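Below: one structure, written as structure tokens.
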Amino acid sequence: MLYEMNPNIFPYLCTSKINSMKIVILGTAYPYRGGLSAFNERLAREYKSMGHEVIIYTFTHQYPNFLFPGKTQYSTEPAPQDLNIVRKVHSYNPFNWCKVGREIARLKPDLMITKFWLPFMAPCFGTIARKVRKNKHTRLISILDNVIPHEHRPGDKMFVRYFIKPTDGFVAMSKSVLADLRLFTKDKPAAFCPHPLYDHYGKRLSREEALSLLNLSPDFRYVLFFGFIRGYKGLDLLLEAFTDNRLKEDNVKLIVAGEFYGDSAPYLNQIKELEIEERVVLCTDFIPDSEVNRYFSAADIVAQPYKTATQSGVTQIAFHFEKPMLVTNVGGLPEIVPDGKIGYVVEPDAQQLADALHRFFDENKQEEFERNIVEEKKKYAWSRFIETMEEVYRP
């Protein structure tokens, strides 16, 4: 470990329980739902398991309504009993940012970690960071999902610069995000580390049990599209791919599991116009954490037909459940899905998606890919992610 090489180098990052840290994680957590909450809560548990004291500062108000296209921001799951989550951050109230920043500064955490994904959050997070660093004790690291968002808005670059300036170092979860960061800062410590496993969704079920819980027939094979449905995720391409008669002959159905983030009509109309209603299973409510294992356990392969991407937590859920993946050659997706080893990488094109799916089922690749995933997923342990956090600050 890094601290064993030189315990005098940034002792606040030492993973020894003797030199435990006080850590604040600033970002989304319960009662908010989704991948951001899941990540921050899992990170908190990892640091707690290492003997550190962890507080998550999350939102009283996360998004104004015009920025949130889903049905609700809130989880229906029970509150986690093992985490210290404080709801004090109002993302669009500048007076609150100053108050929260001063409060965290007084706590004098050794480390504050901010999960950054959207320039809208930059004024809030950037102001809090400026207040916290005045205590001349706390180190500030940001974990970057995105620097430049998928859907651009005026002022994005200005907001990103404001956030980056007070932050000491960065961990980017894809190489493309690291490259985007370097457009804003050349000198600050930064490293790439892929998204660690989402391993908190329970155990993999038998195929039979999962299909029974979902009321699906075992006579079909299933492709899973999972997560919020947004334009850049390419569901329209995957639906078009399902017009390929080979997939019909292969007895394959598509499960769409996730909430529409936007107008559902174009997708529903497309399904009808393509005459594939009987081959698409729509489960378009938000999928609670306790039911995620049903969908991945039922699936033969997970498809991510994204048109643009940086990285995705869906791949790390698939790794956890040891499911083959079909991804497109965009952003960081091909970095973590070796083509022909644990799945396929194709261009964001309906015909290429259809060809890859037919090949998967026709050549019976599932068992081979799943064996390879068992070894491949070792790269995405949380311990490796923590080590990268440390490396950001090594001289």
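The values are calculated or read from the model by the stated rules, or taken from the named source; none is laboratory data. Because the structure is a prediction, the values reported are computed rather than measured. Here the Cβ positions follow ideal geometry from the backbone for every residue, glycine too, while neighbour counts run over all protein chains shown.
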Count - residues of segment 340-368 that are touching a Gly at 6+ places or on another chain (Cβ under 6 Å) and assigned to a helix (DSSP H, G or I): 0
Some residue of segment 88-97 being surrounded by fewer than 12 Cβ atoms within 10 Å (Cβ to Cβ), assigned to a helix (DSSP H, G or I) and not assigned by TED's automatic domain parsing to the domain that holds G262: yes
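Please state which one of K307, K323 is of a type in the set (D, E, K, R), crowded, with 23+ Cβ neighbours inside 10 Å, in the same structural domain as I255 (by TED's automatic domain parsing) and in contact (Cβ under 8 Å) with a residue 40 or more places away in the chain. Talk me through it step by step, then tell me what you get.
Values: K307 fails: crowded, with 23+ Cβ neighbours inside 10 Å.
Exactly one of K307, K323 is of a type in the set (D, E, K, R), crowded, with 23+ Cβ neighbours inside 10 Å, in the same structural domain as I255 (by TED's automatic domain parsing) and in contact (Cβ under 8 Å) with a residue 40 or more places away in the chain, namely K323.
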Matching residues, segment 221-239, being modelled with pLDDT of 95 or more and within 22 Å of Y198 (Cα to Cα): Y222, V223, L224, F225, F226
Output for segment 240-270, where each listed residue is surrounded by 19 or more Cβ atoms within 10 Å (Cβ to Cβ), at pLDDT 95 or above and more than 19 Å from A298 (Cβ to Cβ): E240, A241, Y267
Selection within segment 324-356 - at pLDDT 95 or above and closer than 21 Å to S297 by Cα: P324, M325, L326, V327, K341, I342, G343, Y344, A356
Filter pass, E46 being in the same structural domain as F163 (by TED's automatic domain parsing), under 17 Å from the mean Cα position of the chain (by Cα) and assigned to a helix (DSSP H, G or I): yes
